[in-house]
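> Structure incoming, see below.
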Amino acid sequence: MTTEDRAPDRGAPAAPAAPGAALAEPVERVGKGWTSALSLANGAIWVGWYGPLQILLASQAKDFAPGSGMSKETMLAWVTGVGALVSLWANPLFGALSDRTTSRYGRRTPWIVAGAVGGALSLLLLAVADGVWTMALGWCLVQLTLNAAFAAVTAAVPDRVPRSQRGSVGGWLGVAQVLGVVGGTALVTVAGGVGAGYVACAVFTALGVLPYVLRYEDLRLPVTDRPAWSWPGFLKGFWLSPRRYPDLGWAWLTRFLMNLSNALVLLYLLYYLRDRLHYADPDQGVLILSAVNGLTLLATVVVGGVWSDRVGRRKPFVVWSGVLMAVATAGLAVWQTWPGAIVAAAVQGIGYGVFASVDFALMTDVLPKALDRGKDLGIINVANSLPQVAAPVLAAPLVTYLGGYRMLYAVAAAVGLAGAVLVGRIRGVE
């Protein structure tokens, strides 16, 4: 058993961090146990997000829409859009707060615990929602709390993982992400009801972070290394000038475009199966497509990350994975059948597997300062949540007035292809 895999003695106070240890560039490779525990925590967060996003919120919108003056599509778009607005500022905010945390339990662990527990309680609130306002409140709280945990989990990677290992670790985090998406959908389907589905997601989210926070000590930030507090300085830190950090700017834009493409595909997937393909059991159809997508993603996500580490290159992997995802999305526009949907899900999974691991490593490679890893990754993660705001704004009129699902998926494919092409503008990474 390696040093990283040995459980610390939780009965004794945590040992003080060596001066500068929390801010040093990591050089010691992390063990399999650490990677597995962090990946499980990451997967638990994605269960809390995607159980609701894949099925539960759409089901509640269908139930609450009659008599509300809104269609189920509009209600779902409104609720998810407002929740995404919360996540826009929550992720960088909690990332910045974790950067400054000098707790005896480290910088990241307190926020992982608080975020997971808060997320579980928020999911239980959604389980008893009786209308659109309670539904919106519950989803906003889910976004607020789980983004606190997610910001801390992702920041743990540049804190502890050397650059030469980040592709492979990113691959395992990608495995956890897809298992979280598929697992959340499966939990909801097996639970057999909206309320029971939310309870199942809440329990898994809370329990999934325990192996990491109980077994592995976080690096502590000495009080002397924490910058002096001032509101102007704190707020100013959230602006990362693309002119000063062009690679970070291009990396952010490419991630935003690819995630926007993916969000456009997923938002109305349940309705696409029901209303366009007339699939007999659309809930089960979403689960099948998620499983197919997950299987092909699993086949490439770790391989892509390890391969990228070995050759020391990131950009070609991100470019070609983005092109492949755009092709898969275009398939949904031109081949609107159930077999076509299965093929598209499989191809998209192959591309997204490589993208998930290598793009994450690319993001950590362009971070400007060690002191602000959590905040800067939070700003980068806005490129994950902002598409949830933009997607409903684009998708609703495309589906309703401008050509239906064929136009929706054609636009999504074009957006994803633009993101893949623009990766070439990043100059500081091979």
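> For region 295-303, check the following and say yes or no: at least one residue is open to solvent by less than 30 Å² (accessible area, probe 1.4 Å), of a type in the set (Ser, Thr, Tyr), at pLDDT 80 or above and in contact with a Phe, Trp or Tyr (Cβ under 8 Å, 6 or more places away or on another chain).
Checked against the condition, which is being open to solvent by less than 30 Å² (accessible area, probe 1.4 Å), of a type in the set (Ser, Thr, Tyr), at pLDDT 80 or above and in contact with a Phe, Trp or Tyr (Cβ under 8 Å, 6 or more places away or on another chain), region 295-303 yields no hits at all.
> Test of understanding: among Ala176, Ala156, Ala186, which residue is at pLDDT 85 or above, over 14 Å from the mean Cα position of the chain (by Cα), surrounded by 24 or more Cβ atoms within 10 Å (Cβ to Cβ) and part of a helix (DSSP H, G or I)? Explain how you work it out, then say what you get.
Details: Ala176 fails: over 14 Å from the mean Cα position of the chain (by Cα); Ala186 fails: surrounded by 24 or more Cβ atoms within 10 Å (Cβ to Cβ).
From the options Ala176, Ala156, Ala186, the qualifying one is Ala156.
> Please enumerate the residues belonging to region 345-367 that are over 18 Å from Asp309 (Cα atoms) and buried (at least 24 other Cβ atoms within 10 Å of the Cβ).
Ala345, Gln348, Gly349
> Going by the structure shown, is Arg166 buried (at least 24 other Cβ atoms within 10 Å of the Cβ) and closer than 24 Å to Gly304 by Cα?
Spelling it out, Arg166 is indeed buried (at least 24 other Cβ atoms within 10 Å of the Cβ) and closer than 24 Å to Gly304 by Cα.
> Scan Ala370, Ala333 and give me the residue that is in contact with a helix residue (DSSP H, G or I) (Cβ under 7 Å, 6 or more places away or on another chain), open to solvent by less than 10 Å² (accessible area, probe 1.4 Å) and farther than 16 Å from Arg255 by Cα.
Result: Ala333 is the single residue among Ala370, Ala333 that is in contact with a helix residue (DSSP H, G or I) (Cβ under 7 Å, 6 or more places away or on another chain), open to solvent by less than 10 Å² (accessible area, probe 1.4 Å) and farther than 16 Å from Arg255 by Cα.
> May I ask you to verify whether Ala136 is touching a residue at least 40 places away in the same chain (Cβ under 8 Å), open to solvent by less than 20 Å² (accessible area, probe 1.4 Å) and under 18 Å from Leu40 (Cα atoms)?
Spelling it out, it is not the case that Ala136 is touching a residue at least 40 places away in the same chain (Cβ under 8 Å), open to solvent by less than 20 Å² (accessible area, probe 1.4 Å) and under 18 Å from Leu40 (Cα atoms).
> For region 192-235, give me each residue that is modelled with pLDDT of 95 or more and exposed (fewer than 14 other Cβ atoms within 10 Å of the Cβ).
Across region 192-235, the qualifying residue is only Leu207.
> Moving to a separate point now. So if I check each of Asp376, Asp365, Asp359, Asp309, which one is over 19 Å from the mean Cα position of the chain (by Cα) and charged (D, E, K, R)?
On inspection, the qualifying residue turns out to be Asp309.
> Right, here's the next one. In region 385-398, is there at least one residue being more than 21 Å from the chain's Cα centre (by Cα), under 25 Å from Val82 (Cα atoms), aliphatic (A, V, I, L, M) and not in a loop (DSSP other than H, G, I, E, B)? Before the answer, list the steps.
Taking region 385-398 first, the residues more than 21 Å from the chain's Cα centre (by Cα) are 396-398.
Still in the list and also under 25 Å from Val82 (Cα atoms): 396-398.
Narrowing the set further to residues that are aliphatic (A, V, I, L, M) leaves 396, 398.
Going one step further and asking which of them are not in a loop (DSSP other than H, G, I, E, B), we end up with 396, 398.
Yes, the conditions are met somewhere in region 385-398.
> Leu402 fails exactly one of the following numbered conditions: (1) under 30 Å from Gln165 (Cβ atoms); (2) hydrophobic (A, V, I, L, M, F, W, C); (3) not in a helix (DSSP H, G or I). What is the number of that condition?
(1)
> On the given criteria, is Lys72 among the basic types (Lys, Arg) and in contact (Cβ under 8 Å) with a residue 12 or more places away in the chain?
So Lys72 fits the description; yes.
> Okay, moving on. Please determine whether any residue of region 261-273 is touching a residue at least 40 places away in the same chain (Cβ under 8 Å), aromatic (Phe, Trp, Tyr) and open to solvent by 30 Å² or more (accessible area, probe 1.4 Å).
No, that holds for no residue.
> State the number of residues belonging to region 111-133 that are under 16 Å from Val82 (Cα atoms) and modelled with pLDDT under 95.
3
The values are calculated or read from the model by the stated rules, or taken from the named source; none is laboratory data. Since the structure is predicted, the reported quantities are computational estimates derived from the model, not experimental observations. All Cβ positions, glycine included, derive from the backbone under ideal geometry; neighbour counts span all protein chains shown. Quick note on the areas: whole protein, heavy atoms, side chains included, nothing else; ligands and nucleic acids left out. Shrake-Rupley method; radii C 1.70, N 1.55, O 1.52, S 1.80 Å.
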